[in-house]
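A.B. asks: Sharing a structure with you now.
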There are 2 protein chains.
Amino acid sequence: MNDSGAEISERAQQMLRALIERFVVDGQPVGSRTLARDAGLKLSPATIRNVMSDLEELGFVASPHTSAGRVPTVQGYRFFVDTLLSVKPLDQRAIEKIRAEFDVEQAPKDLVESASGMLSAITQLAGIVTLPRRDHPLFKRVEFLPLSENRVLAVLVSGKDEVQNRILKTERTCSAAELQQASNYLNKLFSGKDLDEVRTTLLREMQQTRSDMNEMMMTAIRMADKVLEKNADEDFVMAGQTNLMGFHELCDVEKLRMLFDAFNEKRDILHLLDQCVHGEGIQIFIGEESGYKMLDECSMVTAPYTVDGRVLGVLGVIGPTRMAYERVIPIVDATARLLGAALNTKE
Amino acid sequence: MNDSGAEISERAQQMLRALIERFVVDGQPVGSRTLARDAGLKLSPATIRNVMSDLEELGFVASPHTSAGRVPTVQGYRFFVDTLLSVKPLDQRAIEKIRAEFDVEQAPKDLVESASGMLSAITQLAGIVTLPRRDHPLFKRVEFLPLSENRVLAVLVSGKDEVQNRILKTERTCSAAELQQASNYLNKLFSGKDLDEVRTTLLREMQQTRSDMNEMMMTAIRMADKVLEKNADEDFVMAGQTNLMGFHELCDVEKLRMLFDAFNEKRDILHLLDQCVHGEGIQIFIGEESGYKMLDECSMVTAPYTVDGRVLGVLGVIGPTRMAYERVIPIVDATARLLGAALNTKE
DNA sequence: TCTGGCACTCTGACTGATAGACTGCCAACC
DNA sequence: GGTTGGCAGTCTATCAGTCAGAGTGCCAGA
């Protein structure tokens with residue numbers, strides 16, 4: 001694949017842009033006459049045809065059949081978003097509107113849901129947001145509360161005041177004082193330590209000393225496991241999937257089914273999103289670039305969202321390849337920033 | 001609508017059954033010759049035609065056009081499920097298989113998800129299960145734990161040891177003793193009382209005495225609200241929605257979109273499920289009977305699930321009107337029982 | 001009451017024929 | 001040399017027409 005950016009004339013680029021912009025709005029192959037009208041250049045259709053022929057040679061456009069107009073290829077879109085696109089940042093009013101939707105009182109999970117809902121509402125595509133992940137959560141404190149004869153409620157506070165509950169059945173009735181003692185012990189020893197470390201330490205200790213506290217410690221370990229595991233197995237939230245049904249390139253029921261199955265299955269999509277975490281800023285997969293069959297006719301525009309410069313997750317939009325990238329990109333970008341900011345107040 | 005059960009001959013009933021059974025498998029209008037072969041009666045197509053004509057008169061079948069076979073109407077299906085259907089209970093092996101899927105260790109929410117997944121997997125339709133609701137949850141106890149200078153973790157235990165957490169920011173730093181005192185007070189006063197009652201009592205008291213404890217009490221109220229609200233605004237879990245894309249009567253993208261939008265919107269579906277709670281046992285909505293346009297070509301088979309004879313929720317299956325009712329009904333029935341049983345061990 | 005037969009109807013698939021929308025190429029023009 | 005108008009060629013979409021297949025309704029006879 002030769003990077004033929006230099007070979008392509010200014011005029012040809014302008015035409016490619018016009019062609020894509022036109023194709024994005026109505027999804028029909030674009031002919032030379034239409035383009036002559038649209039492109040803004042004062043050229044006859046015949047000239048346009050010559051240029052289009054060059055663009056086809058370069059692989060930026062293709063024609064479905066002899067007497068249809070031209071359609072942008074994946075390579076065409078790629079060139080478009082990489083070098084032709086001028087994204088104008090969202091105007092302040094639009095940004096404020098999004099910010100207003102983020103209620104800082106909301107829990108992280110709700111913020112994430114707001115974000116995906118907003119992405120889909122504004123772009124009229126499908127919005128997708130991964131849940132924020134915290135790496136290396138810290139052990140803060142644990143508390144054991146007696147509930148009934150032999151049932152104890154364990155409360156584990158970790159990281160940024162993330163709380164986990166678990167009810168455990170004990171073999172004998174523990175007094176409140178006993179439980180207090182157990183939690184005091186654990187808190188004094190581990191408060192502020194890395195949760196993962198706490199977990200292994202406890203495990204080791206349990207093997208050595210067969211103490212009365214084993215039950216409590218075991219529970220603490222299990223809860224720590226749960227926090228850590230929740231971390232590992234990431235998840236995402238989607239909204240507006242049905243918006244995709246409006247695009248006739250996706251109207252085939254088989255394709256739709258594959259797509260929606262992938263949304264439900266989550267695994268493949270997560271894997272794809274994972275690749276976006278590492279990239280800096282906006283990341284775009286066009287058509288087959290994703291490598292997943294069900295996304296062949298789709299594009300994905302993503303941006304990581306950060307708090308304190310640490311990437312907590314990714315959000316973005318899934319739509320047909322012919323989406324209005326110049327409109328979608330600033331929206332995704334702004335939403336990522338604002339979600340990061342909203343999560344920041346949670347500190 | 002005349003209940004013409006008496007007017008319809010034994011033979012006609014048998015034919016209606018054969019017609020529906022045939023139509024269910026391939027979705028094509030059924031002609032007289034096919035039926036003559038299928039029905040098991042030794043009759044010529046001509047005779048069948050006469051009977052079909054009667055059935056059409058009665059509104060049980062209809063023909064899409066002159067020279068197509070007959071198709072069952074909603075009324076036809078209704079008669080079929082009400083009087084023609086002989087549901088054979090699920091065999092023990094199948095039941096065991098379902099039971100095995102329910103891990104009694106799972107939380108209620110996970111059990112519900114297993115159930116919907118199983119319903120969709122076994123029937124190859126969409127499975128739906130409402131979350132179990134507890135009515136009139138009791139206040140059990142509340143606990144306040146200091147986290148940092150002016151942050152307190154509140155833990156509310158209600159009903160069957162349902163736990164709610166909330167972090168509150170206090171204006172001044174509260175000592176552990178102070179917090180202990182507050183929770184002791186509330187627990188002594190309200191333990192075992194109806195949560196709703198606790199809530200109103202607290203509200204009243206707060207208006208009368210402007211005490212230092214207001215902040216704690218306010219939090220307790222808010223958490224109670226959350227428990228109660230979670231109760232009111234029920235929710236459901238679905239699985240296998242994409243299975244519905246396989247049926248050509250639903251292949252129209254517009255219809256699919258309406259349907260999936262309704263699944264996401266939840267409100268209408270919830271309203272429908274609500275009607276199933278009151279009915280005893282299996283409840284079936286066929287086609288337009290539901291009263292919702294997006295379900296015009298769908299049927300819904302539901303059963304309430306109970307613990308200790310109290311209805312906690314509803315589960316069921318959504319599929320095209322031409323579903324194999326005699327197969328689906330026992331599955332829904334058994335799953336409801338088993339889910340109830342699995343939840344029972346949670347007591 | 002059941003059945004075979006016949007006329008009739010409607011669908012779906014196939015076939016041309018035609019209009020419309022393009023392209024590609026060529027010769028002329030600036 | 002770049003640009004243009006014109007023209008031939010090509011592909012699609014659409015519409016009417018035909019035909020086989022499937023099914024019904026009705027009638028007369030068993």
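A.B. asks: What is the local net charge at B:Ile284, summed over the other residues whose Cβ is closer than 14 Å to its Cβ (Lys, Arg +1; Asp, Glu -1)?
C.D. replies: Charge balance near B:Ile284 sits at -3.
A.B. asks: Quick one: label points 7 angstrom along Cα→Cβ at A:Leu131, distances to the other copies in nm, smallest first?
C.D. replies: 1.3
A.B. asks: For the stretch A:239-283, list whatever residues lose no less than 10 Å² of accessible surface once every protein chain is in place, relative to that chain by itself, with the probe at 1.4 Å.
C.D. replies: Listed in order, they are A:Gln241, A:Thr242, A:Asn243, A:Met245, A:Gly246, A:Cys251, A:Val253, A:Leu256, A:Arg257, A:Phe260, A:Asp261, A:Asn264.
A.B. asks: I've got another one for you. Can you pull the one-decimal nm distance between simple spin-label points at A:His248 and B:Asp252, each 7 Å off the Cα toward Cβ?
C.D. replies: 1.8 nm
A.B. asks: Further, regarding this structure: Which links in B:Lys160/B:Lys193; A:Lys88/A:Lys266; A:Lys266/A:Lys293 stretch past 23 Å when you go from one Cα to the other?
C.D. replies: Among B:Lys160/B:Lys193; A:Lys88/A:Lys266; A:Lys266/A:Lys293, the Cα-Cα distance tops 23 Å for A:Lys88/A:Lys266.
A.B. asks: Who wins for biggest fluctuation among A:Thr170, A:Thr302, A:Thr321 in a Gaussian network model of chain A, springs between alpha carbons below 10 Å?
C.D. replies: Ranking A:Thr170, A:Thr302, A:Thr321 by mean-square fluctuation puts A:Thr170 first.
A.B. asks: Would you please classify the overall shape of the stretch A:10-84 from the alpha carbon gyration tensor, given that a ≥ b ≥ c denote the square roots of the eigenvalues, rounded means a/c under 1.5, and beyond that prolate means a/b larger than b/c while oblate covers the rest?
C.D. replies: rounded
A.B. asks: Going by the alpha-carbon gyration tensor, a ≥ b ≥ c the square roots of its eigenvalues, is the protein assembly as shown rounded (a/c under 1.5) or, if a/c is not under 1.5, prolate (a/b greater than b/c) versus oblate?
C.D. replies: Since a/c reaches 1.5 but b/c is at least a/b, the shape of the protein assembly as shown is classed as oblate.
A.B. asks: Any idea how far apart A:Arg151 and A:Asp82 come out in nm if each label point goes 7 Å out from Cα toward Cβ?
C.D. replies: The modelled label-to-label distance comes out at 6.2 nm.
A.B. asks: Students often forget the sequence filter, so: which aspartates and glutamates lie under 17 Å Cα-Cα from B:Lys140 once same-chain residues fewer than 8 apart are removed?
C.D. replies: Partners within reach: A:Glu149, B:Asp161, B:Glu162, B:Asp194, B:Asp196, B:Glu197, B:Asp225, B:Glu347.
A.B. asks: Given a 1.4 Å probe and every protein chain left where it sits, what share in percent of the accessible area of the protein assembly as shown is carbon and sulfur?
C.D. replies: That fraction is 48 percent.
A.B. asks: Could you tell me the total accessible area buried at the A-B interface, probe 1.4 Å, in square angstrom to the nearest hundred?
C.D. replies: Chain pair A/B: roughly 2400 Å² of buried accessible area.
A.B. asks: Any idea what the A:Ser44 label distances to the other copies are, label 7 Å down the Cα→Cβ vector, nm, shortest first?
C.D. replies: So the distances to the same position in the other copies read 7.7 nm.
A.B. asks: Take peptides B:90-100, B:46-56 and line them up by average Cβ neighbours within 10 Å, highest first, as a rough protection proxy.
C.D. replies: So the peptides B:90-100, B:46-56, ranked by packing, come out B:46-56, B:90-100.
A.B. asks: So how much slack lies between A:Gln14 and A:Tyr185, counting 0.36 nm per residue of separation and subtracting their Cα-Cα distance, in nm?
C.D. replies: Extending this stretch completely gives an extra 54.5 nm.
A.B. asks: Right, here's the next one. Among B:Glu162, B:Glu265, A:Glu10, what's the order by accessible area (1.4 angstrom probe), most exposed first?
C.D. replies: A:Glu10, B:Glu265, B:Glu162
A.B. asks: Would you mind getting the accessible area per residue of the protein assembly as shown, heavy atoms of the protein chains only, 1.4 Å probe, in Å²?
C.D. replies: On a per-residue basis, 49 Å².
A.B. asks: Computed FRET efficiency, Cβ-Cβ of A:Glu171 and B:Arg99, R0 30 Å: what is it to the nearest 0.05?
C.D. replies: Taking R0 as 30 Å, the efficiency between A:Glu171 and B:Arg99 is 0.60.
A.B. asks: Work through the residues other than A:His248 whose Cβ is under 14 Å from its Cβ and net out their charges, Lys, Arg +1 and Asp, Glu -1.
C.D. replies: Charge balance in the 14 Å sphere: -3.
A.B. asks: Ordered shortest first, which distances in nm separate the 7 Å Cα→C-beta label point of B:Thr83 from those of the other copies?
C.D. replies: Taking the point 7 Å beyond Cα along Cα→Cβ, the inter-copy spacings are 7.7 nm.
A.B. asks: Rounded to whole Å, give me the distance from the Cα center of the stretch A:285-343 to that of the stretch A:99-178.
C.D. replies: For the stretch A:285-343 versus the stretch A:99-178, the Cα centre distance is 26 Å.
A.B. asks: If you take the square roots of the eigenvalues of the alpha-carbon gyration tensor of chain B and sort them as a ≥ b ≥ c, do you get rounded (a/c under 1.5), prolate (a/b over b/c) or oblate?
C.D. replies: Because a/c hits 1.5 or more and a/b exceeds b/c, chain B counts as prolate.
A.B. asks: Residues of the stretch A:122-156 that become at least 20 Å² less accessible with every protein chain present than in their own chain isolated, using 1.4 Å: which are they?
C.D. replies: Flagged in the stretch A:122-156: A:Arg141, A:Glu143, A:Leu145, A:Pro146, A:Leu147, A:Arg151, A:Leu153, A:Val155.
A.B. asks: What are the residues whose amide H is under 5 Å from the amide H of B:Leu147, where those residues sit 5 or more places off or on another chain and H is modelled from the backbone?
C.D. replies: Hits under the 5 Å cutoff: B:Val152, B:Leu153.
The values are calculated or read from the model by the stated rules, or taken from the named source; none is laboratory data. In this text the structure is predicted, and so the values were computed from the model without any measurement. Quick reminder, even Gly has a Cβ in these numbers, built from the backbone with ideal geometry, and neighbours come from all protein chains shown. When the accessible area is computed, the model is the full protein with side chains, heavy atoms only, and any ligands, DNA or RNA have been set aside. Shrake-Rupley method; radii C 1.70, N 1.55, O 1.52, S 1.80 Å.
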